[in-house]
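Written out below as structure tokens is the structure these notes cover.
No value in this document is a laboratory result; all are computed from the given coordinates. These figures come from a predicted structure and were not determined experimentally. Cβ sites come from the backbone with ideal geometry, for glycine too, and all protein chains shown count toward neighbours.
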Amino acid sequence: MASPHSFGNRLGRVVWGLVWGLLCRHSPRPFFAWRRFWLRLFGAKLARGARVYPKVRIWAPWNLRMGRDSTIGDLVDVYCVAPVTLGDRAAVSQYSYLCAATHDYRSPKLPLVPMPITLEADVWVAADVFVGPGVTIREGTVVGARSSVFTDLPPWSVCVGTPAKAVKARRSDQ
Amino acid sequence: MASPHSFGNRLGRVVWGLVWGLLCRHSPRPFFAWRRFWLRLFGAKLARGARVYPKVRIWAPWNLRMGRDSTIGDLVDVYCVAPVTLGDRAAVSQYSYLCAATHDYRSPKLPLVPMPITLEADVWVAADVFVGPGVTIREGTVVGARSSVFTDLPPWSVCVGTPAKAVKARRSDQ
Amino acid sequence: MASPHSFGNRLGRVVWGLVWGLLCRHSPRPFFAWRRFWLRLFGAKLARGARVYPKVRIWAPWNLRMGRDSTIGDLVDVYCVAPVTLGDRAAVSQYSYLCAATHDYRSPKLPLVPMPITLEADVWVAADVFVGPGVTIREGTVVGARSSVFTDLPPWSVCVGTPAKAVKARRSDQ
């Protein structure tokens with residue numbers, strides 16, 4: 001199967017992989033500004049205070065957009081074949097996987113189908129959560145550890161399970 | 001607990017670990033032929049066009065058999081204590097785990113119990129799926145992302161969940 | 001968000017990360033005594049025969065306590081922000097994640113909430129299991145692969161699923 005990506009895309013990702021692997025992956029945790037510098041150089045749109053931990057995997061930084069004081073924790077995989085957007089103060093905990101593409105299994109060649117992911121402001125995705133292609137998680141919602149999100153989630157809820165569903169309201173003044 | 005594996009097995013895996021770690025794990029993605037060369041040298045049976053991505057973990061290549069144009073994606077773990085077989089055009093996506101052994105917990109020593117895994121032709125195992133010991137996935141079936149497969153799955157189905165179950169038919173002419 | 005950890009804690013973890021990464025992570029598997037030496041130097045309480053595999057991630061060794069002949073398998077993540085305790089002969093298989101902290105999502109700042117994890121004697125946690133903050137798994141219980149444990153589990157049971165629940169008794173004389 002030939003790559004579905006353009007030559008420019010593939011070249012950009014090779015260079016990006018070298019840059020991140022050599023200069024960022026082993027950088028000290030508090031060097032958030034250093035990593036922001038390189039991410040922005042490769043096209044990421046990062047607001048002030050956006051924090052990306054060193055062991056994050058980012059497929060294509062030019063498809064990543066992060067709001068103010070948002071966070072992507074260690075060992076998160078951002079498979080941003082399509083755009084991935086985090087709102088202000090959104091946080092993704094370790095080992096979670098934002099998977100912004102699927103394959104069309106109705107075709108024998110399994111063509112790649114990119115679909116964007118959006119986490120709105122004040123969303124918290126806890127550890128080892130899978131967020132599937134095309135999903136939007138609305139403002140303020142918390143997704144419990146180990147959940148798998150295949151459909152959009154409503155705002156200001158606590159959602160858990162596979163597929164993740166709202167089980168109660170989240171109130172910050174509780 | 002002493003290792004349940006023979007000295008030859010352990011020595012072979014040490015050498016294999018060095019070879020893969022030094023020569024293959026950091027090789028460029030398109031170098032599929034290069035990695036096939038080393039896998040075959042260590043006993044893997046790979047048909048033409050079989051593609052193993054660089055960050056795959058393979059416990060014992062001599063227990064791996066892959067059909068034509070089959071694919072094992074990045075960060076897949078093939079724990080092939082027992083034989084693991086992929087049919088023609090079978091594909092395993094990133095982070096999945098083919099776990100071909102369990103432990104007998106009825107014995108206080110938890111002895112290792114290897115059990116083979118078979119993915120028949122045109123199977124697609126999507127991202128972060130667990131395939132347990134002894135499982136056969138029949139021809140043409142798709143397993144959705146994040147599912148866990150503990151029992152055999154029927155052919156030409158779409159299966160999801162934990163434990164994974166068929167939820168609909170897969171038709172390539174749909 | 002400023003780190004919730006003291007300067008000493010952070011400094012200790014930086015030094016520990018260097019020691020483990022340079023001296024232990026790539027050490028040969030059978031060098032258990034070598035890794036015990038370094039773990040103990042950093043405050044881990046390890047009984048005789050406690051075995052930690054090389055690719056284990058341990059957040060703070062001074063919060064880890066392991067009984068005799070207990071085992072932590074490769075690629076397990078021990079996020080021991082709070083104490084994590086394994087009883088005699090307890091075993092944790094590859095890819096499992098002992099997550100001894102959560103965040104209080106009722107507060108907008110998501111403050112860290114450490115909560116200890118205890119696996120009593122003869123517990124076996126199989127591959128790719130999530131064990132959440134505050135959980136105690138009682139003596140002799142087996143947790144099936146890919147389960148997620150959010151609440152305490154009873155003794156001498158076989159528990160599976162998400163959330164993990166007892167499905168039958170475990171008898172060693174079965």
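The order of C:V84, A:V167, C:V158, B:V92, going from fewest to most other C-beta atoms within 10 Å of their C-beta, is A:V167, C:V158, C:V84, B:V92.
Here the Gaussian network model covers chain A, with springs between Cα atoms less than 10 Å apart; of A:R36, A:R48, A:R65, A:R48 fluctuates the most. Here the mean projected area of the convex hull built on the C-alpha positions of the stretch B:67-111 is 3.7 nm². Here's the list of lysines a cross-link from B:K168 could span, going by alpha-carbon distance under 24 Å and ignoring same-chain residues fewer than 8 apart: A:K109, A:K165. Note on the protein assembly as shown: with charges restricted to the Cβ of Lys and Arg (+1) and Asp and Glu (-1), its dipole about the Cα centre is near 1140 debye.
Among bridges DSSP assigns within chain C, what percent are antiparallel (round to 5)? Let's see the in-between values first.
Details: 7 of 37 bridges.
Within chain C, antiparallel bridges account for around 20 percent of the total.
Helical runs assigned H by DSSP (4 residues or longer) give chain C a calculated mean residue ellipticity at 222 nm of -4000 deg cm²/dmol, each run adding -39500 (n - 2.57) before division by the residue total. When each of A:L46, B:L119 is scored by the number of other beta-carbon atoms lying within 10 Å, the sequence from fewest to most is A:L46, B:L119. With contacts defined as alpha carbon pairs under 8 Å and 6 or more residues apart, what's the relative contact order of chain C in percent? Taking the mean separation of contacting Cα pairs over the length of chain C, I get 12 percent.
What is the Cα centroid distance between the stretch B:92-153 and the stretch A:84-124, reported in whole angstrom? Using only Cα atoms to place each centre, the spacing works out to 25 Å.
Over all orientations, the stretch C:7-169 has a Cα convex hull whose mean projected area works out to 9.2 square nanometres. Across the protein assembly as shown, the volume of the C-alpha convex hull divided among the residues equals 138 Å³ per residue.
If you look at the Cα atoms of the stretch B:100-174, you get an Rg and a Dmax of 13.8, 52 Å. In this Cβ point-charge picture (+1 for Lys and Arg, -1 for Asp and Glu), the stretch A:7-168 has a dipole of about 440 debye about its Cα centre.
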